[in-house]
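What follows is a short report on a single structure.
Only the coordinates and a few stated rules stand behind these numbers; no lab work does. This one's a predicted model, so the numbers in the text were calculated from it and none came from an experiment. Positions of Cβ are generated from backbone atoms using ideal geometry, with glycine treated the same way; all protein chains shown enter the neighbour counts.
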Amino acid sequence: MRIRSLIFTAGILLCIPLASVGQSRDAGDTPEMPKLLPLRDQMTVREGWLMRRLGSNLLPMMKRHGIEMWIVVNEEFKSDPVTPYITPPIPIVGRRDLFIFIDRGERIERIAMVRYDEEQLRDHYRFVMPARDKFGEELRKIVEERNPRTIALNIGGTRGQQAGLSYDAYKFLADSLGAENEKKFVSAANLLTEFFDTRVPGEREHYANAVLATDVITRRALSSEVIKPGKTTVGEVRWWMLQQVNDLGLTVWFQPDLRIQRQQETTGLTGQFLSTAKEADVIQPGDLVHVDFGLDYMGLSTDWQKHAYVLKPGETDAPAGLKAALRNTNLLQDTLFAIARAGMTGTEVYEKTMAEMKLKGVDAMIYSHPIGAHGHGLGPSIDFRGNIGGGANKILPGSFMSIELNTSTLVPEWKNQKVTIMAEDDAVMTDKGYEFIRPRQTEFYLIR
């Protein structure tokens with residue numbers, strides 16, 4: 001008996017068939033692609049999110065981090081990673097544009113120092129448009145009139161999103177504002193961590209569509225529609241996926257990666273992870289094929305890892321040992337979800353989950369990371385490498401996390417060869433703990 005799941009997306013109630021428990025799936029279970037918003041409608045929705053971020057959200061964040069003024073500098077051909085999330089989603093192409101945020105007690109004063117007028121940008125900022133040779137002079141006037149105790153700049157963080165200020169832009173600010181004001185410069189890194197890890201109302205609905213689109217492309221890629229065993233190469237699958245994203249008018253934030261595990265063949269390691277397959281590798285019957293894939297939609301990134309098994313002649317399902325290996329990874333997911341709650345640190349969740357897996361005798365590895373505005377987002381990480389996301393490392397209510405992990409299991413049918421089942425699913429932190437945006441994989445996709 002098949003179970004059916006109802007998903008509300010883009011105003012449409014989709015009835016999505018799910019495979020029966022224990023039965024591997026094929027391409028016939030692939031849901032329909034969600035209806036994505038046209039560009040103008042995306043702009044309208046994202047400007048609503050921007051109003052919230054720059055309105056009620058930003059002021060208390062600045063106060064919590066002791067920041068009285070925050071200056072973001074955007075340069076032509078070197079955009080700050082922050083810029084798309086403090087402006088409408090339009091190109092910002094001035095030689096050097098400044099976005100200034102000032103704590104005025106009960107409100108935020110927002111100033112855009114730009115060379116070119118832009119109607120949508122005016123909806124969010126008061127414009128100051130000095131002549132090119134007067135930019136520094138006008139900036140100093142603004143700063144000295146407000147006389148902030150701290151001036152935050154996008155420097156000093158451990159991640160690219162926190163370090164968008166170039167050397168030349170820093171020098172421009174220091175020269176323009178003078179030595180006394182330069183002493184007030186502080187890092188905006190912790191502010192940016194909270195800013196990017198905080199979701200706003202309405203994002204989850206559209207993020208669900210982004211994840212569903214990721215799911216649909218992945219399932220189709222890991223099916224007989226795309227893969228012809230003995231003929232199709234890894235590169236052909238990768239480029240097929242990239243073409244699907246392009247056809248939707250979307251982009252990816254990394255190229256799709258494929259990994260292949262085969263009986264009696266050792267998959268190499270890159271660092272502590274299984275190496276990706278070469279583009280010329282041909283997918284064969286008996287292969288366990290893994291895909292790592294993510295896309296960008298409406299300023300939100302997804303990250304997704306799934307497996308397919310290529311049936312050998314005479315097979316109707318994956319070997320029982322491989323299915324047991326997948327169940328171990330599902331057990332790891334269940335254990336993490338039972339432990340993680342808002343307010344915990346990523347390190348606490350990691351240590352408690354790994355302790356449980358050790359008691360259960362499962363060889364596990366966890367490297368989950370925040371996601372949302374960026375694929376590898378800022379915020380707490382649940383990761384064997386420690387708090388790589390920077391900041392206070394506390395899980396925020398409503399935040400998105402890419403639950404990325406694996407287990408390794410000896411498979412009897414493969415002469416006790418160790419097989420690693422890697423999973424990655426985007427999730428949201430709710431009052432009851434993490435909740436998957438889309439149903440996780442509990443059966444292998446089958447390629448016939």
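Couple of notes before you dig in:
- A cut-off under 14 angstrom between Cβ atoms defines the neighbours of residue 140, and their net charge, with Lys, Arg +1 and Asp, Glu -1, is -4.
- Average Cα contact separation per residue, the chain, under 8 Å, 6 or more apart, as relative contact order %: 15
- For the range 238-397, diffusion coefficient by Stokes-Einstein and Kirkwood Rh (Cα), 4 °C, 1.567 mPa s, µm²/s: 72
- The chain - Debye-derived log10 I(q)/I(0), Cα point model, q = 0.07, 0.09, 0.13 Å⁻¹: -0.40, -0.64, -1.15
- Axis of helix 234-247 versus longest Cα principal axis of the chain: the two differ by about 50°, to the nearest ten degrees.
- Shape of the range 277-365, Cα gyration tensor, a/c cut at 1.5: oblate
- The chain: calculated mean residue ellipticity at 222 nm from DSSP helix runs of at least 4, using -39500 (n - 2.57): -9000 deg cm²/dmol
- C-alpha long axis of helix 135-146 to longest principal axis of the chain, angle in °: 80
- Pairs exceeding a 25 Å alpha-carbon distance, out of 78/171; 231/306; 63/171; 63/183; 35/278: 63/171; 35/278.
- For the range 309-448, the number of Lys pairs separated by eight or more positions or lying on different chains, with C-alpha atoms closer than 23 Å, is 14.
- Ranked by how many other beta carbons lie within 10 Å on average, peptides 106-117, 67-78, 341-352 from highest: 67-78, 341-352, 106-117
- Calculated FRET efficiency, residue 183 to residue 52, Cβ-Cβ distance, R0 = 25 Å: about 0.15 to the nearest 0.05.
- Approximate spin-label separation residue 251-residue 133, in nm, with each point projected 7 Å along Cα-to-Cβ: 3.6
- Angle in degrees between helix 320-339 and the longest Cα principal axis of the chain, rounded to the nearest 10: 30
- Mean Cβ neighbour count within 10 Å, used as a protection proxy, ranking 429-436, 396-403 highest first: 396-403, 429-436
- Förster radius 22 Å - calculated FRET efficiency between residue 204 and residue 32, Cβ distance, rounded to 0.05: 0.65
- When the charge dipole of the chain is built from unit charges on Cβ atoms (+1 for Lys and Arg, -1 for Asp and Glu) and taken about the Cα centre, the candidate among 260, 70, 160 whose Cα reaches farthest toward its positive end is 260.
- The range 190-276: C-alpha gyration tensor shape, a/c 1.5 cut-off, then a/b vs b/c: oblate
- Backbone phi angles across the range 56-72, fed through the Karplus curve with coefficients 6.51, -1.76 and 1.60 (θ = phi - 60°), yield HN-Hα couplings of 6, 7, 5, 4, x, 5, 4, 5, 4, 9, x, 10, 9, 9, 10, 10, 10 Hz in residue order; Gly and Pro are listed as x.
- The chain - charge dipole about Cα centre, Lys and Arg +1 at Cβ, Asp and Glu -1, debye rounded to 20: 480
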